[in-house]
Amino acid sequence: MAAIDGGFHGISSTGPGGFCVIIKEGRVIHKRAYGLAVLHPPRPATVETPFHLASCGKQFTTTMIMMLKDRGMLRVDDPVAQHIPELHANRAFEHVTIRHLMTHTSGFEDAYNDFIDVVEDDPTNEQVLVWLAQHWRPAHPPNTKYSYCNTAYDLMGTLICRLLGCSFNDALQQLICRPLGMTRTFSGGAGSEADAAMFSSVGAARSYTKGKLEEGSSYEQLNGSGSVYTTADDLVLYDAALWSGGLCSSESLAEMFTPHLLADGKSTEYGFGWNLCEGGNVAGNCIWHNGSWLGFVSNICRWPKFGVTVFQVSNKAEFDVDASIERIEEALLASGELAGEPEEEEEKEDEEEDEGEDEDDG
């Protein structure tokens, strides 16, 4: 759809690129890659090229948490220290629950700048856990304020690994990727030589800021807050499973997309790894998340009323995902994909009319 391609304004065939996939009620209505996955030597992006989801990967962490909840391995209101005993050494964790971590209401704020100078280079989740158990202090009591916290999601990554007894990537493969046939989705970083070789072998995209290659980060071995690479093709499989109940129970899915309330009753407009927008855009209520990490930018937006999901990812740091989703939304409205009443609502209205006619006849 040419109008949707307009969302990728500023992406050229000779520069960093990305992909966009749009799904409506399980049907792919647009799937296309743009530009280059790697600049030197030039390699075009395709719908099979793995791109980094940045913080949009948080939904994989919360989905796995809810899958483990459905299996009886945890409850979302469990204190996180119940499953990670080392945290008992830090009294600040006494009343911090898994729900608080998922909704950014734990009271803690990002600790990246605090621990990076005192732990080993390229720290792992377990190495950071040692520091958190000893030194992490909250900025405010749990559930009194929404404060976006990547470190909390890395802690959930550690929790998943502890419960399953494996690495975060192995957990991702076991719970989501292998059952769905997502063969080119994985969690990892591109910092080490070994990782760089692996990235080259799978054809993963590299990222660029103002045309300069991003070389990596000391945080790239941390998993949970946004370490997932995936493709347009794999996201189609993931989207179908997520909304059909193929991953989480309907109860868990509903809980994921319920706005969390603070202790004073105010809504955070955030669920479990998703922003929840009520009437804040042209097409009506949507659920969404953005991401940005080392030159990768991403966005996912879903309009539940119409069963429409948009995924877009780019390896160009300057790509404006917000402006792009606005253009895509306008194109979807113009094409009718985000207009009119969904079929089931129309059927319900027809049934009500028929009942009314029967009553009149009586």
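A count restricted to region 2-38 and to residues that are over 22 Å from residue 244 (Cα atoms) and either aromatic (Phe, Trp, Tyr) or part of a strand (DSSP E or B) (or both) stands at 10.
Within the set 146, 208, the sole residue that is open to solvent by less than 20 Å² (accessible area, probe 1.4 Å), farther than 30 Å from residue 27 by Cβ, at pLDDT 95 or above and in contact with a strand residue (DSSP E or B) (Cβ under 8 Å, 6 or more places away or on another chain) turns out to be 208.
Does region 1-39 hold any residues that are in contact with a Leu (Cβ under 8 Å, 6 or more places away or on another chain) and without any contact (Cβ under 8 Å) to a residue 40 or more places away in the chain, and which are they? The answer is 13, 14.
A single entry from 270, 238 fulfils the requirement of being within 26 Å of residue 166 (Cβ to Cβ), among the hydroxyl-bearing types (Ser, Thr, Tyr) and in contact (Cβ under 8 Å) with a residue 24 or more places away in the chain: 238.
Answer yes or no: is there a residue in region 109-118 that is buried (at least 22 other Cβ atoms within 10 Å of the Cβ) and of a type outside the set (Asp, Glu).
No, region 109-118 contains no residue that is buried (at least 22 other Cβ atoms within 10 Å of the Cβ) and of a type outside the set (Asp, Glu).
Just to be sure, is residue 145 among the charged types (D, E, K, R), over 25 Å from residue 207 (Cα atoms) and part of a helix (DSSP H, G or I)? No.
Could you list all residues from region 298-335 that are over 24 Å from residue 244 (Cβ atoms) and part of a loop (DSSP other than H, G, I, E, B)? If the condition is that a residue be over 24 Å from residue 244 (Cβ atoms) and part of a loop (DSSP other than H, G, I, E, B), then 315, 317, 318, 319, 320 are the ones that fit. In this structure, residue 98 does not satisfy being buried (at least 17 other Cβ atoms within 10 Å of the Cβ) and more than 22 Å from the chain's Cα centre (by Cα).
For region 214-258, filtered to residues that are acidic (Asp, Glu) and in a loop (DSSP other than H, G, I, E, B), the residue that is least open to solvent (accessible area, probe 1.4 Å) is 220.
The set of residues from region 26-43 being more than 16 Å from residue 299 (Cα to Cα) and either more than 23 Å from the chain's Cα centre (by Cα) or surrounded by 14 or more Cβ atoms within 10 Å (Cβ to Cβ) (or both) comprises 28, 29, 35, 36, 37, 38, 39, 40, 41, 42, 43.
Let's see how each residue does on (1) free of Cβ contacts under 8 Å to residues at least 60 places away in the same chain; (2) in a helix (DSSP H, G or I); (3) open to solvent by 40 Å² or more (accessible area, probe 1.4 Å); (4) touching a Lys or Arg at 6+ places or on another chain (Cβ under 8 Å):
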site: 55; (1), (2), (3), (4): no, yes, no, no
site: 58; (1), (2), (3), (4): no, yes, no, no
site: 77; (1), (2), (3), (4): yes, no, yes, yes
site: 92; (1), (2), (3), (4): yes, yes, no, yes
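The values are calculated or read from the model by the stated rules, or taken from the named source; none is laboratory data. Nothing here was measured: the structure is a model prediction, and the numbers come from that model. Glycine gets a Cβ as well: all are built from the backbone with ideal geometry, and neighbour counts include every protein chain shown. To get the accessible areas, we keep the full protein, side chains included, count just its heavy atoms, and leave off ligands, DNA and RNA. Shrake-Rupley method; radii C 1.70, N 1.55, O 1.52, S 1.80 Å.
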